[in-house]
1. Those residues that are within 15 Å of the ligand (Cβ to nearest atom), over 30 Å from residue 392 (Cβ atoms) and in a loop (DSSP other than H, G, I, E, B), I need them from region 278-304; list them, please.
2. Any residue in region 235-255 that is touching a residue at least 12 places away in the same chain (Cβ under 8 Å) and over 19 Å from residue 330 (Cβ atoms) sitting within a Cβ distance under 8 Å of a residue that is away from the ligand (no atom under 12 Å from the Cβ) and basic (Lys, Arg)? List the pairs, counting only those 6 or more apart or interchain.
3. Select, from 207, 238, the only residue that is away from the ligand (no atom under 16 Å from the Cβ), touching a helix residue (DSSP H, G or I) at 6+ places or on another chain (Cβ under 8 Å) and open to solvent by 50 Å² or more (accessible area, probe 1.4 Å).
4. So if I check each of 195, 248, which one is under 20 Å from residue 142 (Cβ atoms) and in a strand (DSSP E or B)?
5. Could you figure out which of (1) open to solvent by 40 Å² or more (accessible area, probe 1.4 Å); (2) free of Cβ contacts under 8 Å to residues at least 60 places away in the same chain isn't true of residue 281?
6. Go over the candidates 108, 138 one by one and state the one that is under 15 Å from the mean Cα position of the chain (by Cα), without any contact (Cβ under 8 Å) to a residue 40 or more places away in the chain and more than 19 Å from residue 15 (Cβ to Cβ).
7. Determine, yes or no, whether residue 307 is under 27 Å from residue 27 (Cβ atoms), of a type outside the set (Val, Ile, Thr) and within 9 Å of the ligand (Cβ to nearest atom).
8. Could you go through region 126-133 and let me know if any residue there is within 16 Å of residue 216 (Cβ to Cβ), within 16 Å of the ligand (Cβ to nearest atom) and in contact with a strand residue (DSSP E or B) (Cβ under 9 Å, 6 or more places away or on another chain).
Amino acid sequence: MIFYSTNKKSTPASLKKATLEGLATDGGLYVPSDIPRFSTDEIELLKEAPFNHIAFAIAKKFNEGEISDDSLWEVVENCFTFKTPLVGLEKSTYVEELFHGPTLAFKDYGARFLAHLTGYFAKEDHTLITVLVATSGDTGSAVAYGFKGVPNTRVVLLYPSGKVSRLQEQQLTTVGGNVTALEVSGDFDDCQRLVKQAFMDAELKQRLALTSANSINISRLIPQTFYYAWGSLQLAARHPGKKAVFSVPSGNYGNLTGGVLAKMMGFPINHFIAGSNANDSVTRYLEEGRYEPNPTVATLSSAMDVGNPSNFARLRHFYGDDYRAMAADISGYAVTDNETIETIGAVYDRFGYIMDPHTAVGFRALEKFRATNEIFDDPAAVMSTAHPAKFIEAIKKALDMEITIPDRLQEVLDRRKVSIPMSTNYRDLAAFLMKL
Ligand SMILES: *Cc1c(COP(=O)(O)O)cnc(C)c1O
């Protein structure tokens with residue numbers, strides 16, 4: 001498969017090049033030259049298939065010979081070692097839990113696939129690749145755990161000292177092994193600037209074989225189609241003759257873009273609902289056809305606080321820049337913090353199910369959609385993007401109760417933090433990296 005940049009100015013790339021580069025040289029996002037399709041026969045064959053078989057079948061279509069089938073299967077098997085439960089709340093309402101990976105959030109799917117593919121390519125080239133990431137929290141931990149123990153790779157994380165939550169800091173600083181955490185005496189913008197400077201430093205970039213692993217990498221997007229494909233087939237089996245509706249709590253719109261790709265590939269999906277918080281630039285676009293990004297505002301569903309989502313460029317591309325086509329597939333609803341809290345409470349009262357604030361935005365958006373679209377009696381799944389225990393404060397506020405922390409999380413909280421202090425001066429970072 002060949003990948004093009006959404007800006008159409010840089011040369012097309014192989015899966016390997018697109019994966020190791022992340023962002024295209026013209027600043028655009030990589031997209032596949034055409035969207036692989038599954039015939040009805042192929043879909044029929046995958047109907048009862050386990051998750052990893054479906055993941056492999058999709059990955060193979062994006063690969064086209066660059067990686068042997070055996071190696072690709074190994075990548076898939078190494079990535080998805082955890083379950084993706086589809087939990088029924090009522091007759092045709094489900095929650096697809098995407099939070100059973102190592103950092104208890106859906107970003108594990110993308111980060112792990114990217115990590116194992118990068119490791120494969122590095123091994124092929126007999127190199128050691130260094131992943132350099134600036135993080136304000138969740139992305140960094142998914143990357144750190146994704147690359148943990150992957151041969152031929154190492155990770156250097158930069159995070160702003162005192163500006164991430166305790167849980168996030170523990171997740172960033174206790175991985176060990178091939179993961180190093182640098183605690184920067186500045187803010188997130190300083191971290192981003194330092195990383196940018198490192199990538200512009202040709203000598204350093206070459207010597208360390210630097211790569212970025214950021215959230216727009218095509219190899220983080222591809223695995224985000226797997227759980228839509230799998231989920232839609234599960235729902236089709238439980239509701240014969242119906243197609244799935246997915247409600248997706250969205251921030252940078254990478255998760256939703258994965259779903260759109262799965263639908264375009266031919267999986268039985270009818271419609272998408274994009275739930276946003278107060279950062280509603282895409283929601284407004286879906287209503288009005290005009291894209292006017294606003295500055296980011298802080299909300300309870302903080303991982304969705306993105307004023308100008310970068311995957312919007314990809315969504316636009318996949319719909320041929322046709323607003324009506326996009327709005328025919330996706331309905332957008334904005335959800336306030338009050339509604340989010342209310343929803344966590346209402347869902348618990350009705351179903352005894354505890355949702356994190358992001359998932360609650362997805363649930364509330366689905367309710368808003370159903371209130372005005374009676375024709376849709378298809379089974380719907382809310383994509384649950386994080387474990388509620390990661391957002392204890394919001395849960396306390398909504399339910400007035402303490403929730404049990406899963407063992408995996410408690411273990412991370414109990415470990416000893418190991419970080420290396422770093423100034424905001426680029427020379428210090430360069431000197432450190434050169435000695436690494
Ligand atoms: C990243 C994240 C989101 C938003 O996903 P996008 O792909 O950026 O739209 C939603 N919920 C949680 C918990 C996240 O970490």
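The values are calculated or read from the model by the stated rules, or taken from the named source; none is laboratory data. Everything numeric here is computed off the predicted structure, so don't read it as measured data. Every residue, glycine as well, gets a Cβ built from its backbone with ideal geometry; the counts of neighbours run over all protein chains shown. The accessibility values were calculated without ligands, DNA or RNA, using every heavy atom of the protein model including side chains. Shrake-Rupley method; radii C 1.70, N 1.55, O 1.52, S 1.80 Å.
1. Scanning region 278-304 gives a single hit, 293.
2. From residues that are touching a residue at least 12 places away in the same chain (Cβ under 8 Å) and over 19 Å from residue 330 (Cβ atoms), the pairs are 236/47; 236/242; 236/243; 237/47.
3. Working: 238 fails: touching a helix residue (DSSP H, G or I) at 6+ places or on another chain (Cβ under 8 Å).
The match here is 207.
4. Values: 195 fails: in a strand (DSSP E or B).
Answer to the check: 248.
5. (1)
6. On the way: 138 fails: without any contact (Cβ under 8 Å) to a residue 40 or more places away in the chain.
Only one candidate qualifies: 108.
7. Details: under 27 Å from residue 27 (Cβ atoms): yes; of a type outside the set (Val, Ile, Thr): yes; within 9 Å of the ligand (Cβ to nearest atom): no.
It is false that residue 307 is under 27 Å from residue 27 (Cβ atoms), of a type outside the set (Val, Ile, Thr) and within 9 Å of the ligand (Cβ to nearest atom).
8. Keep residues of region 126-133 that are within 16 Å of residue 216 (Cβ to Cβ), which gives 131-133.
Next, only the ones that are within 16 Å of the ligand (Cβ to nearest atom) stay: 133.
Checking which are in contact with a strand residue (DSSP E or B) (Cβ under 9 Å, 6 or more places away or on another chain) leaves us with 133.
Within region 126-133, one or more residues are within 16 Å of residue 216 (Cβ to Cβ), within 16 Å of the ligand (Cβ to nearest atom) and in contact with a strand residue (DSSP E or B) (Cβ under 9 Å, 6 or more places away or on another chain).
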